[in-house]
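Taking it in order: structure first as structure tokens, then the write-up.
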Amino acid sequence: MSGSASGRLVVVSGPSGVGKSTVLKRLFEAAPVPLVSSVSATTRPPRPGEVDGVDYHFLSEAEFARRRRRGGFLECFEVFGRGHWYGTLLSEVAPSLEAGNWVLLEIDVQGSRSVVEQFGDAITIFLRPPSLEVLEERLRRRQTETEAAIETRLGRARQEMASADQYRYQVVNDDVDRAVREICDILNTERRLPYMLDELREEEIVKKVGGRFKLSTLIQKRLVALNQGSPALVDLHTEDKLKIVIQEILEDKIYLDTDANLRIAGGGPDAGGPPEMDYRQL
């Protein structure tokens, strides 16, 4: 399944304490695309103040199991130790996609894999902390967890961060406003890129970079560098950073090394200086 021709799926994952709720609340206000949330289903009982169909779709265990057997979930999982199931209903997502909306799913690493298997064009974003030390500090600052619970969350965070490379994009939440701007840039790039690539021989540029996943990574890293003040390597007389990045790729000015680090090519045999350098030196 490739997804809807009109809408897009946006998957956001990240460890507990990374600040997903705060970032996503701001994102819904600032998104450059028609971004909507998806209401998940669960077998756990409602908490005080929660409304069925708004906070969650509260299903009985029998109804949840029936929908699982009939393939009614895009992804679902059981929270071990509590016995409750959570999942994303296809009936919740499909109508929004068909209406042209971009549907955001806040799910875990396992759920993300399931979504990508069914919707290969899903935009996957992993929100990560600046470091595990910063994440631990945030968890302790809450003062709502026991020591054992904090250690459990940190252990799970290490496992989740080890899987971050499976995501098309990674965003560091060291500053909420900056993280929101970066995700908005990602969504805007994903909105515009298909039309730009149609004009620029899509297969050629994807092959040049080494695949769509690498193309997404290269564009994101170069946009971050440009936003941080790195000068453009082509003269297009435009402030449109995406156009600049695409042209830099076409002219072999930038590439990813074997460790997925952004590199700047020397520019040819007469360029002088080292053949390549890390963009952060610019």
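FYI, it's all coordinate maths here, none of it is from the lab. Because the structure is a prediction, the values reported are computed rather than measured. Glycine gets a Cβ as well: all are built from the backbone with ideal geometry, and neighbour counts include every protein chain shown.
In region 8-176, how does Rg compare with the Kirkwood Rh, expressed as the Rg/Rh ratio over alpha carbon atoms? List each step's numbers first, then the result.
Numbers: Rg = 16.3 Å, Rh = 17.1 Å.
Radius of gyration over Kirkwood radius for region 8-176 works out to 0.96.
Please compute the contact order of the chain in relative form: average sequence separation of alpha-carbon pairs under 8 Å and at least six residues apart, divided by the residue count, as a percent.
Details: 378 pairs, mean separation 57.6, N = 282.
Relative contact order, the chain: 20 percent.
Might you report the magnitude of the Cβ-based charge dipole of region 8-176 about its Cα centre, with Lys and Arg at +1 and Asp and Glu at -1, to the nearest 20 debye? Please report the intermediate quantities before stating the final value.
Values: 22 positive and 24 negative charges, 44 e Å.
About 220 debye.
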(message) For region 10-73, which GluC sites (Glu not before Pro) pass both filters: DSSP loop (anything but H, G, I, E, B) and at most 15 other C-beta atoms within 10 Å?
(response) 50
(request) With a bin width of 10 angstrom, please list the P(r) values of the chain as percents of all Cα-Cα pairs, from the 0 bin to the one holding the largest distance. (result) 6, 25, 33, 22, 11, 3, 1, 0
(message) Quick check on my link table: of 207/253; 20/241; 208/243; 25/214; 25/243; 221/243, which ones sit more than 20 Å apart, alpha carbon to alpha carbon?
(response) 20/241; 25/214; 25/243
(request) Note down the magnitude of the dipole of the chain about its Cα centre, charges +1 on Lys and Arg C-beta and -1 on Asp and Glu C-beta and zero elsewhere, to the nearest 20 debye. (result) 680 debye
(message) Charges on Cβ only, +1 for Lys and Arg, -1 for Asp and Glu, centred on the Cα centroid of region 8-176; of 57, 71, 27, which one is farthest towards the dipole's positive end?
(response) 71
(request) Find the eigenvalues of the gyration tensor of the Cα atoms of region 129-254, then list the square roots of 5 times those eigenvalues as equivalent ellipsoid semi-axes, largest first, in whole angstrom. (result) 36, 16, 11
(request) Take each of the peptides 36-47, 88-99, average the number of other beta-carbon atoms within 10 Å over its residues, and list them starting from the highest. (result) 88-99, 36-47
(request) Place +1 on the Cβ of every Lys and Arg and -1 on the Cβ of every Asp and Glu in region 8-176, take the dipole about the Cα centre, and give the residue among 130, 94, 143 whose Cα lies farthest towards its positive end. (result) 94
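Among 193, 104, 256, 74, which comes first, second and so on when ranked by fewest other beta-carbon atoms within 10 Å?
Working: 193 20, 104 23, 256 17, 74 26.
In increasing order of surrounding Cβ atoms, one gets 256, 193, 104, 74.
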(message) Can you show me the helix-derived [θ] at 222 nm for the chain, built from DSSP H runs with n ≥ 4 at -39,500 (n - 2.57) apiece and divided by the number of residues, rounded to the nearest 500.
(response) -14000 deg cm²/dmol
(request) Would you work out which of 261, 220, 155 lies farthest towards the positive end of the dipole of the chain? Charges go on Cβ: Lys and Arg +1, Asp and Glu -1. (result) 155
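Taking the DSSP beta bridges in region 1-159 as the whole, what percent of them are antiparallel, to the nearest 5? Working shown, then result.
Numbers: 8 of 23 bridges.
The antiparallel proportion sits near 35 percent.
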(request) Find the centroid of the Cα atoms in region 1-78 and in region 147-187, then give the distance between the two in whole Å. (result) 18 Å
(message) Among 171, 18, 51, which one shows the highest mean-square fluctuation when the chain is modelled as a Gaussian network with alpha-carbon springs under 10 Å?
(response) 51
(message) If neighbour count is taken as other Cβ atoms inside 10 Å, put 16, 131 in order from fewest to most.
(response) 131, 16
(request) Taking just the C-alpha trace of region 1-98, give me its Rg and Dmax in Å. (result) 14.7, 40
(message) Can you say what percent of the DSSP beta bridges in the chain, counting only those with both residues inside, are antiparallel? Round to 5.
(response) 40 percent
